[in-house]
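Coordinate-derived values only; no laboratory data. Predicted model only: the values in this text are computed from it and were never measured. So basically every Cβ, Gly included, is an ideal-geometry build from the backbone, and we count neighbours across all protein chains shown.
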């Protein structure tokens, strides 16, 4: 009887109606709405982060692609550059950059005077608007064209980084109050020179193709040489990781017997894919540099380290591509008398090639953006100022790589270098986006559904 | 660059072998390929392979083994009394090596002739100044024993190189003639070639093991060296990280571990809720259009190189936090909780952003794998969608999600660039997330960049740190795999 008494004859629910929601239903529906909103917020948050990241990169980095130039007519005085007048290249070479400084100073002064600009600045201060690179540029030009000594030639010199920053809005009269590199009076002169068209901001090819410059000359720094460093590293990675990775995958996927050795190899590869990249840097330092005495900072060493790092990625994607080829292909090949090896190399591998290629490109893109191991094998901390001339030099002489160069710029204290760093990131991302797009397109174009 | 030419020569020889082997086999069959056991290309490939593979193998082994051999021989020449107190043999050996390299460079650049370098006497000539002239800086004056050892080093190195060239060429030529003579129409060339190719494939696959062994051995070796110079108790149980290149450093991993875990915890605090909710929304609520649009966009975050995040932390997030929590007139809130742009929070938040897609795409896969029948059952009983997710789908997916979080944690612990640029360099125990702290990876970078002296504990500690990091991340990965495998629900 106690059972009966526990069951109410009229359950309370029967009082509720479908038309009006009970307290509890309202609460549950509200919880449902909240839960869904959390999810949508999370997505929105993630996408907002991406947006913020991309806008930051673009807004802060696009400045690096523009640079302020000052156009001057420089009289290449024979009395300064070639005292004997014999045009002997050895004599001309003997004049150091110090010998060229007065020419630039005079050119600046005559230009300002010629425009009828009143200024209290001395010639030296006027020439201070130019980059320290200007004299070197002038000297290089003269050494290449010694016959033009004595003539007046028009030059486009880089403006110094503060002037450049002023045109880009990074430097203002307030921010230079304690700056010994530039004064408000010099900025006034810049204003008038802009109106006269002597100072102008144009596209900066030097940033994309040029070499890095020392701490003092951010306006002259470019990413071109370290781009070559990255290129050579990628060549090493491609030449080693692709064949080794494909060979390893073919063995594991097609030939390996199911035993404990194969298991160890497989577990090993998946673990290697999760090892922090810096550990590969330590390995590179200990084995390639400390033990084998390969040259420090060389793209060859960087390439070897990145090869070891990329191998698991390539192996994993290659195995997936091989697995996607249906067994009927192998059976058909074996059936018409091909050996196992022939069935793999003549039939399975070509059919898996698009997938392998896609995986390789993605692995290369990963390697291209990797920085940490490069720090340990010495690809930062020096100025990559010379482009390699031969392939051997490109592989063995010290160089930087794009991400290492960006890190190097970010470490320097001058905000002008920060702009370079963001600009470098734009270039790096352009490469990565291109590579990934190619990978996606390849997959779309050649992917076969069986 | 003789090794380069040697490689080219070997390649040329094997190409020659290919053509020759193919021709000979065809000649024995009177030019009729039908009489051959295998296709003609296999006879060529056989000769090419037997020429190139053993020679290249010998070359690689030689290049790897020669330094070890020379090192041992030369190290035996250095008398015990030459080794200064508090220093190891390694220090003297690095002097020897630098001197030997300097002399080689002098010959290469033409500053000295070969005969001149061999006739050098440490008493009569100022080697240090001479080498300084071509840009080789020696740490101290050259002692006669060191010079002697350096000369022996050079002699061994150059003899070794000659021998290497000789040996590889002999092997190549031997293989060439042997297999060339075997190229007969009855020779089972295909079988031999295929066995060779299979051996090469196995070799490539075992390279993965070799890499792991290399990682472990290289770090273990230097770590043992480190513990020979520095007390292991201080490393594992000390409380201070204060490297001092004049010696007497306190090198304890604990403050670094604290910084590492603190930053990783903040990163996970950002990444796990956002990533998990994003995954739930994408797999349970979003329509296919939203999914096709949002999922790849989120995954872009994972493809951005870490240097970009590092720069973002250093130049955007750090200054922004400083503006909010900073000192004096800079601080918007008037609080002076933060003194510099680098802090635990800076690095943690940015790393969290990086990990969002990591958590979300892994969890997304796992949630999608929960069978629809479970959801239908729950919905049929009258549960709302969110109740279904919380009480049915998530518990079913939990092992996978825990695995994903552990993988993300392992990624966070091993992350380098973000913490190098955003976390700072001060090792301390502090609970304030607005202070700068340091991590294992940043210390590895700072101890191993610049001039490194492999005989000082301050450099070697980086290997002990690296090994700890390796063990830590490996442990997390294995744990993640174990959890996923053990607690996975089987629905079939």
- Nearest-0.05 FRET efficiency for residue A:260 and residue A:441, computed from C-beta distance (R0 45 Å): 0.65
- Just how far, in whole angstrom, is the range B:264-342 from the range A:18-54 if you go by their alpha carbon centroids? 20 Å
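Sorting check: for B:203-216, A:114-127, B:101-114, which peptide has the highest mean count of neighbouring beta carbons within 10 Å, and how do the rest follow? Could you put the intermediate results ahead of the total?
Details: B:203-216: 19.1, A:114-127: 14.4, B:101-114: 16.2.
Per-residue mean Cβ counts within 10 Å order the peptides as B:203-216, B:101-114, A:114-127.
Below 8 Å between Cα atoms, with a sequence gap of 6+, how large is the relative contact order for the range B:278-390 in percent?
About 29 percent, as a whole number.
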- For chain A, longest principal axis from Cα atoms; helix A:349-368 axis from its Cα atoms; angle between them, nearest 10 degrees, is 50 degrees
- On a 0 to 90° scale, report how tilted helix A:299-324 is relative to the longest principal axis of chain A, with both axes built from alpha carbons and the result rounded to the nearest 10. 30 degrees
- Query: Is there a simple number for the mean count of other chain Cβ atoms within 10 Å of the Cβ of residues in A:247-258, and what is it?
  - Reply: 4
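Please state, as a whole number in µm²/s, the translational diffusion coefficient that the Stokes-Einstein equation yields for the range B:381-456 at 4 °C and 1.567 mPa s, with Rh defined as the Kirkwood radius across alpha carbon pairs. Write out the running numbers ahead of the final one.
Working: Rh = 16.2 Å.
Here the translational diffusion coefficient equals 80 µm²/s.
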- Query: Cα atoms only, chain A: Rg and Dmax in Å?
  - Reply: 32.6, 129
- Note on the structure: Rounded to the nearest Å, the spacing of the alpha-carbon centers of the range A:344-403 and the range A:75-90 is 47 Å
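Quick one: length gained pulling residue B:213 to residue B:23 fully straight, 0.36 nm per residue minus the C-alpha distance?
Numbers: separation 190, 0.36 × 190 = 68.40 nm, distance 4.38 nm.
So the extension gain works out to 64.0 nm.
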- Report the Stokes-Einstein translational diffusion coefficient (µm² s⁻¹, integer) for the range A:224-446, Rh taken as the Kirkwood radius over Cα pairs, at 25 °C with viscosity 0.890 mPa s. 130 µm²/s
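As an exercise, find the ratio Rg/Rh for the range B:2-225 from alpha-carbon atoms, using the Kirkwood inverse-distance average for Rh.
That ratio equals 1.16.
Which whole number gives the average count of other chain Cβ atoms within 10 Å of the Cβ atoms across peptide A:31-39?
For this peptide, the per-residue mean of nearby foreign Cβ atoms is 6.
Ranked from highest to lowest mean number of other Cβ atoms within 10 Å per residue, what is the order of the peptides A:282-289, A:417-424? The partial results should precede the final answer.
Details: A:282-289: 24.2, A:417-424: 25.9.
Order by mean packing, descending: A:417-424, A:282-289.
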- Simple spin-label model, 7 Å along Cα-to-Cβ: residue A:329 to residue B:114 in nm? 5.5 nm
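Set the Förster radius R0 to 51 Å, insert the Cβ-Cβ distance between residue A:216 and residue B:4 as r into 1/(1 + (r/R0)^6), and round the FRET efficiency to 0.05.
0.85
Note the full-extension length gain between residue B:169 and residue B:195 as 0.36 nm times their separation in residues minus their Cα-Cα distance, in nm to one decimal.
Details: separation 26, 0.36 × 26 = 9.36 nm, distance 2.37 nm.
Length gained between residue B:169 and residue B:195: 7.0 nm.
Exposure proxy check: B:217, A:231 ranked by fewest other beta carbons within 10 Å? Don't skip to the answer; put the middle values down first.
On the way: B:217 13, A:231 16.
Result, fewest neighbours first: B:217, A:231.
Two-decimal Rg/Rh of the protein assembly as shown from alpha-carbon positions, Kirkwood Rh?
Numbers: Rg = 33.6 Å, Rh = 32.7 Å.
Value, to two decimals: 1.03.
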- Query: Across 10 Å bins from the origin, how do the percents of Cα pairs in the range A:67-203 run, short distances first?
  - Reply: 12, 42, 30, 13, 3, 0
- Of the peptides A:389-399, A:25-35, how do they stack up when ordered by the mean number of other Cβ atoms within 10 Å, highest first? A:389-399, A:25-35
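Please report, largest first and rounded to whole Å, the three semi-axes of the ellipsoid equivalent to chain B, where each semi-axis is the square root of five times an eigenvalue of the C-alpha gyration tensor.
Details: eigenvalues 560, 354, 72 Å².
Sorted largest first and rounded, they come to 53, 42, 19 Å.
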- Could you give the angle, 0 to 90 degrees to the nearest 10, between helix A:133-144's Cα long axis and the longest principal axis of the Cα atoms of chain A? 70 degrees
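Give me the inter-chain shielding for B:346-359: mean count of other chain Cβ atoms within 10 Å, whole number please. Please report the intermediate quantities before stating the final value.
On the way: counts 0, 0, 0, 1, 2, 0, 1, 6, 1, 0, 5, 2, 0, 0.
Counting Cβ atoms of other protein chains within 10 Å of each residue's Cβ and averaging gives 1.
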- Item | Label-to-label distance, nm, for residues given as residue B:73 and residue B:300 (7 Å Cα→Cβ offset) | 6.0 nm
- Note on the structure: Placing each pseudo-label 7 Å from Cα in the direction of the beta carbon, residue A:20 and residue B:336 end up separated by a distance in nanometres of 6.2 nm
- Note on the structure: At R0 = 30 Å the Cβ-Cβ FRET efficiency linking residue A:387 and residue A:411, nearest 0.05, sits at 0.85
